[in-house]
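Report on the structure given below.
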Amino acid sequence: MTKKLFKTIFILAVMVMSFSTSVNAEILVFDPGQDDNWHYHGVFYGRGLQLQTDEAGENKGKLYATCEYYYYPGKWGQEHFPIFESSDGGKTWKHISDIYDTEFTKKKWMKSEDGTYYEVPEGTDGATTYYDQWWGMVFEPQLFELPEDLGNLKKGTVISGGVTKANDHCAIVVYYSTDGLCSWNYLSTVALGGKEQTGIGSAIWEPFFVYENNALYCFFSDERGMADGGGQRLVFSKTTNGLNWNNVVDVCNYQRENKNFRPGMPVVTKLPDGRYFMIYEGVNMHGGYLPTYYKITNDIEKWKPTEREDGVLPLPLDGGSPYCITLTDGTLVVGSHSTNKVAVNTDSLKTESWTLVDTNIGNAYTRCLVPLMDNKFMVVSAGAYSAPDPHKLTVSVEEINIPGEINLENADIKGTTPWGEVEPNFDNSAKNVIDSDSDTFFDGLTDGYFVIDLGKEYTVSGLGYRPRTNFGFRVSGGLFYGSKDNEMWELLYTIPKTGGNDMLNYVPVARGSYRYIKYTSDGVNACNMAEIKLYSEDFLKVNIDGIWLEYSEEPVMKDGVLMLPLRVVAEAMGADVGWMSGEKSAVVIINDKLLKLPIGSYTYYLDGSAKEAYTEISLINGTTYVSTDVVSDSLGAKVKIEGNRVYVNSED
């Protein structure tokens, strides 16, 4: 590729930047209607999947959704999980199959002393047939694509788990499909439980699958053996062949602390640094409120089940029906049933790094998040709270695309007289809103305001605001303005009358070029603001192996070519970086290779062999910059540019 062609391609990539967080509006997948044959719950517990392995063939990239599907009493045994498919990115859907319980209509079982069941031969005295009690696939479907072979199951096989039940028994069963989810066969039973009734201590619920270490793990909620039947624990069982499941291992068991604690609805995702992050709800664990609880471990089989040291996420999300995923760029996304927002974190779960972002689908009994191959995600909703008819399955395809953050460290900011001051003044305590500390804040009056001088004009395309902790109501109706000259102001955003949450709320705004940003109260509520962040399309963001870089040296453009700061990129890839002052050359050692980069030259050397860069190696404000081809050709990485984001992957 010529240098001129490369420059043209990159410039075109920058020109087509898109910063909209929404891809699709809410799309209807399934509406059972108002037929009298349907149970009033109708549709609950939506779940989804995208096929991502090459083994999926022509189905790779297609989207799938399912849900609980209830009949009125009198038709027990007909409950099933309907399967829907979209081949156009979630815009249209069609029904392709159903998963019925075909296994428990055939077997005979005996009940043990601990309330569990085991299979016995035909004719055994006292044995019961589950079929006699109208078994059906009733609760909590789950869809999962095997990323590797498992026993006789090939990579790309889709499995579905769920709870099948009768009047006095329940079981978590697994079915599989090898034809694009069009037909299903019984595979195995993970565990058997007793009556599905909260508080009697025998039911099992809410399966969730994870594949790691050549094994399939099923995490689920387990009431069996809990004290006085009021509590619940989280457990996992694993299989290495898909057929035989090991005894359960505790993940969360807080019975010693309180016998009525009920951790439930476990969801697990793997973080970019290799740790495992599990989110769950905690019924009876925090008064009448359900915070978003979590646990983190380096070993998927070791969770310190009696300890709650990881605790509660600093999120204003009611933790019922929580869900978490990791996107392809390493961003952690967390949601729950209580809001249309999701919380995102790109910085190893640091408290200050959580940001709330709106989605196009409202709160519901369940809101499943499905990671997609193109770094987007699908929200699958069932049992919407705000809809006139909640008995529908809907989806939306979303994208987290927050522009680069404007560095406010050196910005000039002043505000009106804060609360408690007697003499009028233009006070510098307003700097509390740009100090990256949510415990400090600007405590303005009802007519208070502050102004941020950025020093030069930026193309502002988004903003973030965090109210003073527990005082979100005091920013209700607050107003953000932008100006070029500190005289003529344009309205950018009005905070909803519901106020703000106790974390950073991100909102996109109409693009505009501004030097000054002003925040003012609505004249009724006080100006209680803890943090302000501003975002601009003028900045590029760099992601290395799933982790977003933090750097003081921004990527730059030179002669139409993207230049990256060498040290921060190379060290993030595990390299050692040095400087040869006599030769004015940067030196990088990576994977036993020596890279020498003379400043001001197009030519650089890899283990002594000369190579040509697209543009000259540059020293800018004391920092060595190299073009992206140096990173890819000499550091052994793949570089991909998407809008304002640069992805560097050092893995093969």
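The set of residues from the range 346-356 being surrounded by fewer than 21 Cβ atoms within 10 Å (Cβ to Cβ) and either at pLDDT 85 or above or over 23 Å from residue 545 (Cβ atoms) (or both) comprises just one member, 351. Applying the condition of being without any contact (Cβ under 8 Å) to a residue 60 or more places away in the chain and touching a Cys at 6+ places or on another chain (Cβ under 8 Å) to the range 239-269 and asking which residue is farthest from residue 173 (Cα to Cα) yields 263. Going residue by residue through the range 525-543, is there one that turns out to be farther than 30 Å from residue 568 by Cβ and open to solvent by 30 Å² or more (accessible area, probe 1.4 Å)? Yes, the range 525-543 contains a residue that is farther than 30 Å from residue 568 by Cβ and open to solvent by 30 Å² or more (accessible area, probe 1.4 Å).
Beta carbons closer than 6 Å, at least 6 apart along the sequence or on distinct chains, pair a first residue in the range 47-58 that is over 21 Å from residue 336 (Cα atoms) with a second that is open to solvent by less than 50 Å² (accessible area, probe 1.4 Å) for 51/59; 51/62; 51/145; 53/156; 55/156; 56/156.
Take the conditions buried (at least 20 other Cβ atoms within 10 Å of the Cβ) and of a type in the set (D, E, K, R) and apply them to residue 474. Does it pass? Yes.
The rows are residues; the columns are (1) under 21 Å from residue 357 (Cβ atoms); (2) at pLDDT 85 or above; (3) surrounded by fewer than 19 Cβ atoms within 10 Å (Cβ to Cβ).
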site: 431; (1), (2), (3): no, no, yes
site: 452; (1), (2), (3): no, yes, no
site: 462; (1), (2), (3): yes, yes, no
site: 466; (1), (2), (3): yes, yes, no
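For the residues 147, 207, the requirement of being under 22 Å from residue 371 (Cα atoms), in contact with a strand residue (DSSP E or B) (Cβ under 8 Å, 6 or more places away or on another chain), part of a loop (DSSP other than H, G, I, E, B) and not aromatic (Phe, Trp, Tyr) singles out 147. A Cβ distance below 9 Å, combined with a sequence gap of six or more or placement on separate chains, defines the contacts here; from the range 492-506, residues that are farther than 19 Å from residue 343 by Cβ reach residues that are of a type in the set (Gly, Ala, Ser) and modelled with pLDDT of 85 or more in the pairs 492/482; 492/512; 493/478; 494/477; 494/478; 497/476; 497/477. Exactly one residue among 224, 308, 256 is outside any strand (DSSP E or B), surrounded by 19 or more Cβ atoms within 10 Å (Cβ to Cβ) and among the basic types (Lys, Arg), and that residue is 224. Criterion first (open to solvent by 50 Å² or more (accessible area, probe 1.4 Å), over 28 Å from residue 403 (Cβ atoms), assigned to a loop (DSSP other than H, G, I, E, B) and modelled with pLDDT of 55 or more) does residue 52 satisfy it? Answer is no for this residue.
The set of residues in the range 259-272 that are open to solvent by less than 60 Å² (accessible area, probe 1.4 Å) and over 17 Å from residue 295 (Cβ atoms) contains only 272.
Among the residues of the range 547-554, is there at least one that is open to solvent by less than 40 Å² (accessible area, probe 1.4 Å) and acidic (Asp, Glu)? No: the range 547-554 contains no residue that is open to solvent by less than 40 Å² (accessible area, probe 1.4 Å) and acidic (Asp, Glu). What do you reckon, is residue 331 open to solvent by less than 40 Å² (accessible area, probe 1.4 Å), closer than 21 Å to residue 49 by Cα and either at pLDDT below 90 or polar (S, T, N, Q) (or both)? Yes, satisfied. Say whether the condition of being open to solvent by less than 60 Å² (accessible area, probe 1.4 Å), closer than 20 Å to residue 209 by Cα and at pLDDT 85 or above is met by at least one residue in the range 23-45. Among the residues of the range 23-45, at least one is open to solvent by less than 60 Å² (accessible area, probe 1.4 Å), closer than 20 Å to residue 209 by Cα and at pLDDT 85 or above, which makes the answer yes.
Residue by residue, here is whether (1) open to solvent by 20 Å² or more (accessible area, probe 1.4 Å); (2) assigned to a loop (DSSP other than H, G, I, E, B); (3) basic (Lys, Arg) holds:
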position: 586; (1), (2), (3): no, no, no
position: 604; (1), (2), (3): no, no, no
position: 614; (1), (2), (3): yes, yes, no
position: 629; (1), (2), (3): no, no, no
position: 639; (1), (2), (3): yes, no, no
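Is it true that residue 506 is open to solvent by less than 20 Å² (accessible area, probe 1.4 Å) and of a type in the set (Phe, Trp, Tyr)? Spelling it out, residue 506 is indeed open to solvent by less than 20 Å² (accessible area, probe 1.4 Å) and of a type in the set (Phe, Trp, Tyr). Against the conditions (1) out of contact with any strand residue (DSSP E or B) (no Cβ under 9 Å at 6 or more places or on another chain); (2) without any contact (Cβ under 8 Å) to a residue 60 or more places away in the chain, residue 633 satisfies every one except (1).
Can you pull out the residues in the range 486-541 that are assigned to a strand (DSSP E or B), among the basic types (Lys, Arg) and over 14 Å from residue 452 (Cα atoms)?
So in the range 486-541, the residues assigned to a strand (DSSP E or B) come out as 490-494, 504-520, 528-536, 541.
Next, from what is left, pick out any that are among the basic types (Lys, Arg): 511, 515, 518, 533, 541.
Across the range 486-541, the qualifying residues are 511, 541.
Taken over the range 477-503, the criterion of being surrounded by fewer than 16 Cβ atoms within 10 Å (Cβ to Cβ) and modelled with pLDDT of 90 or more is satisfied by 484, 485, 486, 487, 488, 490, 491, 494.
The values are calculated or read from the model by the stated rules, or taken from the named source; none is laboratory data. None of these values were measured; they are calculated from a predicted model. As a convention, Cβ positions derive from the backbone with ideal geometry for all residues, glycine included, and neighbour counts pool all protein chains shown. Side chains are part of the model used for accessible areas, which takes the heavy atoms of the whole protein and leaves out ligands, DNA and RNA. Shrake-Rupley method; radii C 1.70, N 1.55, O 1.52, S 1.80 Å.
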